[in-house]
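Nothing in this text is a laboratory measurement; each read-out follows from the coordinates by a stated rule. Only a predicted model underlies this, so the values are computations on that prediction, with no experimental measurement involved. All Cβ positions, glycine included, derive from the backbone under ideal geometry; neighbour counts span all protein chains shown.
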Amino acid sequence: MNSQPSPDRAWARTAPGQPRLSGVNWFGLRTLYVKEVRRFFKVQTQTIWAPAVTTLLFLVIFSVALGGADRRVMGVPFPQFIAPGLIVMAMIQNAFANSSFSLLVGKIQGTIVDYLMPPLSTGELIAGLIGASVTRAFLVGGAVWLAMALWPGVDASIQHPLAAFWFGLMGALLLSFLGLITSIWAEKFDHAAAVTNFVVAPLSLLSGTFYSVEQLAPLFRAISHANPFFYIISGFRYGFLREADSPILFGAMLLLALNLGLFALCYGLLKSGWKIKN
């Protein structure tokens, strides 16, 4: 028998319909990541510096309204107490804003094919989108931290860098995955805005950013401990103050488990093509 391929099929290296790329498509992944970063960086005044100014206004208003440096919470002046929470709150809100935009605007404008047609696996697509959102979160966090470091009366020095990095990363990932799920589900900008206004904003504002949860009544304290944002704020604050009102190890493992679960959910939704291909 002749094992040589026929002339009309000599060009084919794989069977029709079979993927030709093996392993990780690093070039495609990098291209998607750079595209997403450039998208928000072109309007950096809106996406990076504006959140820093808004967060600094929160610091000024709440410090003046609630007693300034004369009031102490967890043994530190009030402005220094709320500064870490404001930094990570800006990070997670912008991570959500970034990841909830790309696929949604693609569906609305009819350019979703730009994400689906390139030779990227589901995991590579998630990595590119989530990586860009986390990058924006850390850029915003850096801008806010720089502004607060220059603000008089606020010591923005990091006492435990590993804790600050871990909880900042886990928070950015959590909201990035939530934003990606929102962009898959949403059919118009109103849907994404509803999640922002009725889920993300209340959970972030009621997470202990402006107060210590230990000062609450037992019922509201228990409700706060059921809020995953609370562990992000508390753990990130520990990185700055070495003081926290939640178990640090428990919070770190809980956020890791939540992120793994949300990644699995994102993977399943994108793999099935729900609300995107169907």
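Observations on the model:
- Against the empirical curve 2.2 N^0.38 Å, the C-alpha radius of gyration of the range 155-278 lands at a ratio of 1.18.
- As a ratio to 2.2 N^0.38 Å, the alpha-carbon radius of gyration for the range 25-272 is 1.02.
- Of 121, 183, 99, the one that fluctuates the most in a GNM where the chain has Cα springs shorter than 10 Å: 121
- The sum of -39500 (n - 2.57) across all DSSP H runs of n ≥ 4, divided by the residue count of the chain, sets its helix-only mean residue ellipticity at 222 nm to -21000 deg cm²/dmol.
- Sequence-distant contacts, meaning Cα pairs under 8 Å at least 6 residues apart, place the relative contact order of the chain at 24 percent.
- Rounded to the nearest 20 debye, the dipole size of the chain about its Cα centre is 720 debye, using +1 on the Cβ of Lys and Arg and -1 on the Cβ of Asp and Glu.
- In nm, spacing of pseudo-spin labels at residue 221 and residue 39 (7 Å Cα→C-beta vector): 4.4
- Global form of the range 60-195, assessed from the alpha-carbon gyration tensor, a/c cut-off 1.5: prolate
- C-alpha long axis of helix 228-241 to longest principal axis of the chain, angle in °: 60
- Full extension of the chain segment joining residue 49 with residue 146 gains 33.8 nm, where the gain is 0.36 nm per residue of separation less the Cα-Cα distance.
- Between helix 248-272 and the chain there is an angle of about 30 degrees, using the helix long axis and the longest principal axis of the Cα atoms.
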